[in-house]
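Read the figures in this text as sums done on the coordinates, not as results from a lab. Just so it is clear, the structure is predicted and the values come from calculations on it, not from any experiment. Using ideal geometry, Cβ is built from the backbone for each residue, glycine included, and neighbour counts are taken over all protein chains shown.
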Amino acid sequence: MNANEIKAYSNGKKNGVKVFVAGSYEALSKKAASIVAGAISKQPEFVLGLATGTSPLGLYSELANLNHEGRVDFAGVTTYNLDEYYPIDPANDQSYRYFMNKNLFNNVNIDMDKTHVLYGQAPDWKEECAKYDAEIEALGGIDLQVLGIGNNGHIGFNEPGNDFIWETHRVELTESTIEANSRLFNSADEVPRAALSMGIGNIMCAKQVVLVANGPKKAEAIKAALEGQITPWCQASILQLHPDVTFILDEDAASALEEYKAI
Ligand code: F6R
């Protein structure tokens, strides 16, 4: 594939997940940005669900470009992020609030008061989670949710396990996640032991979902999510039941797919 190319993939079934494979990370990011910007432009009072991590960085910088070119307006957009460490000071440069300000909110014409990230210093996490869910519901739900995917198929901080947890909740981080994330902190002791995360219900109730993934480490998770059984051991597999999901992948992330073929 050449770097600018985008191919549609299909598993031949009607109403399945829409899959696009891009020839480069830049093309993937531009495709995702055009879907998100197009949706916002159709509905100026828009509720946008957002993810952190490296996968959507290109999407966020593309959205900032489109905003500067006057092709998308964030003035009426309200955002809700998927997750945040707990406890963490939002001013800490490892917090997801800090990440969002730096990589998107400070770069577009959004009203900061309309941006929401779970508060990492909430005295009562149960109250914080319930308030988050109530606010989203009061706004009529999320119009479009942006997702990344973990190597183990997690979405948000919904890790593989026995259940799909529906509402926003507290997650105890596993030792392996603490270890993996310690590279970003001064030491493993500084990594928060828990996080607050939207649940699978918040994601499944979004009217539209756009998942971005790149790199070979995501290939097995993408295969399990799209072609595997629907199981909480691959949390993203539940997206097969959502009526409007688009996966935007690079060739590496798509490389293990067998049932989905370029059309
Ligand atoms: C982040 C989040 C996570 C990430 C996932 C992939 O808010 O919800 O589920 O999307 O861990 O992370 P990256 O993109 O860094 O590979």
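Taking 2.2 N^0.38 Å as the expected size of a compact globular protein, what ratio does the Cα radius of gyration of region 24-256 give against it, to two decimals? Walk me through the intermediate numbers first.
On the way: Rg = 16.6 Å, N = 233, 2.2 N^0.38 = 17.5 Å.
That works out to 0.95 for region 24-256.
Let me spell out the model: positive unit charges on the Cβ of Lys and Arg, negative unit charges on the Cβ of Asp and Glu, origin at the Cα centre of the chain. What dipole size does that give, in debye rounded to 20?
880 debye
Restricting attention to region 169-263, which GluC sites (Glu not before Pro) occupy a DSSP loop and are surrounded by at most 13 other Cβ atoms within 10 Å? Show your work: numbers first, answer last.
Working: sites: Glu172, Glu175, Glu179, Glu190, Glu220, Glu227, Glu251, Glu258, Glu259; in loops: Glu251, Glu258, Glu259.
Here the GluC sites (Glu not before Pro) that fit, given the DSSP loop and packing criteria, are Glu258, Glu259.
Normalised by the residues of region 24-256, what does the relative contact order come to in percent, with Cα pairs under 8 Å and at least six apart?
Relative contact order for region 24-256 comes out at 22 percent.
At 7 Å along Cα-to-Cβ for each site, give me the label-to-label distance between Asp163 and Asn2 in nm.
Taking the simple label geometry, Asp163 and Asn2 are separated by 5.3 nm.
When we measure straight from the Cα of Lys7, which aspartates and glutamates land under 16 angstrom away, once same-chain ones fewer than 8 places off are left out?
Here the aspartates and glutamates satisfying the reach criterion relative to Lys7 are Glu26, Asp250, Glu251, Asp252, Glu258, Glu259.
Report the extension gain between Ala256 and His242 in nm, rounded to one decimal, defined as 0.36 nm multiplied by the number of residues separating them, less their alpha carbon distance.
Stretched out fully, the Ala256 to His242 stretch lengthens by 2.8 nm.
Would you be so kind as to identify which of Ala122, Leu57, Ala27 lies farthest towards the positive end of the dipole of region 13-133, taking Lys and Arg as +1 and Asp and Glu as -1 on Cβ and the Cα centre as origin?
Positive-end residue among those listed: Ala27.
Looking only at region 24-256, where both bridge partners belong to it, what percent of the DSSP beta bridges are antiparallel (to the nearest 5)?
Details: 10 of 28 bridges.
So the antiparallel bridges amount to about 35 percent of the total.
Go through region 26-115 and name the trypsin sites (Lys or Arg not before Pro) that are in a DSSP coil and have 15 or fewer other Cβ atoms within 10 Å of their Cβ.
Working: sites: Lys30, Lys31, Lys42, Arg71, Arg97, Lys102, Lys114; in loops: Arg71.
Loop-located and lightly packed - Arg71.
Which of the peptides 210-218, 121-129, 239-247 is most tightly packed, and how do the rest follow, judged by the mean count of other Cβ atoms within 10 Å per residue?
210-218, 239-247, 121-129
Give me, ordered by chain and number, the residues 5 or more places off Gly156 or on other chains with an amide H under 5 Å from its own placed amide H.
Those lying under 5 Å, H to H, from Gly156 are Gly148.
Which cross-chain or sequence-distant (5 or more) residues have an amide H under 5 Å from the amide H of Val72, H modelled 1.01 Å from N in plane?
Under 5 Å from the amide H of Val72 lie the amide H atoms of Asn67, each far enough along the sequence or on another chain.
Please find the FRET efficiency linking Asn15 to Ala91, where r is the Cβ-Cβ separation and R0 is fixed at 45 Å, and quote it to the nearest 0.05. It would help to have the intermediate numbers written out before the result.
Details: r = 45 Å, r/R0 = 0.99.
My answer for the efficiency is 0.50.
Please compute, over every Cα-Cα pair in region 15-111, the percentage with a separation greater than 23 angstrom.
Of all Cα-Cα distances in region 15-111, 28 percent exceed 23 Å.
Hey, which of these cross-link pairs are over 18 Å Cα-Cα: Lys42/Lys207; Lys13/Lys218; Lys31/Lys102; Lys223/Lys261; Lys18/Lys223; Lys18/Lys217? It would help to have the intermediate numbers written out before the result.
On the way: Lys42/Lys207 14 Å; Lys13/Lys218 23 Å; Lys31/Lys102 22 Å; Lys223/Lys261 12 Å; Lys18/Lys223 14 Å; Lys18/Lys217 21 Å.
In this structure, Lys13/Lys218; Lys31/Lys102; Lys18/Lys217 exceed 18 Å between Cα atoms.
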